[in-house]
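Trainee: Pasting in a structure now, in structure tokens, and then I'll have a few things to ask.
The values are calculated or read from the model by the stated rules, or taken from the named source; none is laboratory data. These figures come from a predicted structure and were not determined experimentally. Don't worry about glycine lacking a Cβ; one is built from the backbone with ideal geometry, like all the others, and counts go over all protein chains shown. Protein only, heavy atoms only, side chains kept; ligands, DNA and RNA dropped before computing areas. Shrake-Rupley method; radii C 1.70, N 1.55, O 1.52, S 1.80 Å.
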Amino acid sequence: MSKNKIYIHETALVENPLNIGNGSKVWHWTHICKEAKIGKNCSFGQNVYVANNVEIGNNVKVQNNVSIYDEVSLGDNVFCGPSMVFTNVVNPRSVIERKEEYKKTIVSEGVSFGANCTIICGIEVGRYSFIAAGAVVNKNVNPYELLAGVPAKRIGWISEYGETMKFDSNGLFVCDHTGDKYILENDLVSKIQQ
């Protein structure tokens, strides 16, 4: 496969390859609906489903058995761990159609979702936050938060590199790997622009 093309495995169903950016790969038994919009250099593992009203940025990695339903938007560099789930209706019932009640879920750049976590619809997930395996997220997530549990609660902060942040007495943290600096103020973390 050249970098200017996409790879689609013969068992995958991609309804409109023109909506997938260059360098992307679609693996075994994955179904991507015709109106989904997908950026460059993405990877969709085995048995992934991407609905019509979905937007996916560049360099997104979606592992095996993930379903991305209508009204989900993923920013650049998002990682979706195996079998994690997005929902789009708060109170689904088999005999009641609620397509007009879909709630939008917005996932910002650099977020990582651990295996088997569940994201309840209608929330925003902040930049470079990290959702631990098995967590159930039912409210907005701030940038750089590290969440775990059912329901998910903040257990710490995580850098863009993926390190747990320990702040000094001035609320500062410097990443050993990148030199990036972060500040904790008013219970929110932001990256200091250099």
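Trainee: Relative contact order for the range 79-152 using alpha-carbon pairs under 8 Å, separation at least 6, rounded to a whole percent?
Mentor: Working: 188 pairs, mean separation 20.1, N = 74.
Averaging sequence separation for qualifying contacts and normalising by length gives 27 percent for the range 79-152.
Trainee: Heavy-atom accessible area of TRP27 with all protein chains present, probe 1.4 Å, nearest 10 Å²?
Mentor: Near enough 80 Å² of accessible area.
Trainee: A further question follows. Sort TYR49, TYR128, TYR182, TYR161 by heavy-atom solvent-accessible area, probe 1.4 angstrom, most to least.
Mentor: Correct descending sequence by accessible area is TYR161, TYR49, TYR128, TYR182.
Trainee: Testing the spin-label approximation: label points 7 Å from Cα along Cα→Cβ at ASP76 and LEU13. State their distance in nm.
Mentor: Calculated label separation equals 3.3 nm.
Trainee: Let me ask something else. Rounded to the nearest 20 Debye, what is the dipole magnitude of the range 20-76 about its Cα centre when Lys and Arg each give +1 and Asp and Glu each give -1 at the C-beta? Working shown, then result.
Mentor: Numbers: 5 positive and 5 negative charges, 55 e Å.
Here the size comes out at about 260 debye.
Trainee: At 1.4 Å probe size, what's the solvent-accessible area of ARG127? Round to the nearest 10 Å².
Mentor: 90
Trainee: Further question on the same structure: Identify which of the listed values of log10 I(q)/I(0) by the Debye sum over Cα atoms at q = 0.11, 0.15, 0.17, 0.19 Å⁻¹ was calculated from the structure shown: (1) -0.52, -0.90, -1.08, -1.25; (2) -0.48, -0.90, -1.15, -1.40; (3) -0.55, -0.97, -1.19, -1.40.
Mentor: Matching the structure shown: (1).
Trainee: What residue among THR87, GLY134, THR11 has its Cα farthest toward the positive end of the dipole of the chain, where the charges are +1 on Lys, Arg and -1 on Asp, Glu, each on the Cβ?
Mentor: THR11
Trainee: Placing +1 on the Cβ of each Lys and Arg and -1 on the Cβ of each Asp and Glu in the chain, which of TYR102, ILE192, VAL26 has its Cα farthest towards the positive end of the resulting dipole?
Mentor: It is VAL26.
Trainee: How large is the dipole of the chain about the Cα centre if only Lys and Arg carry +1 and Asp and Glu carry -1, each at its Cβ, rounded to the nearest 20 debye? Let's see the in-between values first.
Mentor: On the way: 19 positive and 20 negative charges, 59 e Å.
About 280 debye.
Trainee: Using Cα-Cα distances under 8 Å and only pairs 6 or more residues apart, what relative contact order does the range 1-134 have, in percent? Don't jump to the answer; show the numbers that get you there.
Mentor: Values: 409 pairs, mean separation 20.3, N = 134.
Across the range 1-134, relative contact order equals 15 percent.
Trainee: Quick one: if the Förster radius is 30 Å, what FRET efficiency do TRP29 and SER94 give, using the C-beta to C-beta distance and rounding to 0.05? All intermediate terms of the calculation are to be shown ahead of the outcome.
Mentor: Details: r = 25 Å, r/R0 = 0.83.
E between TRP29 and SER94, to the nearest 0.05, is 0.75.
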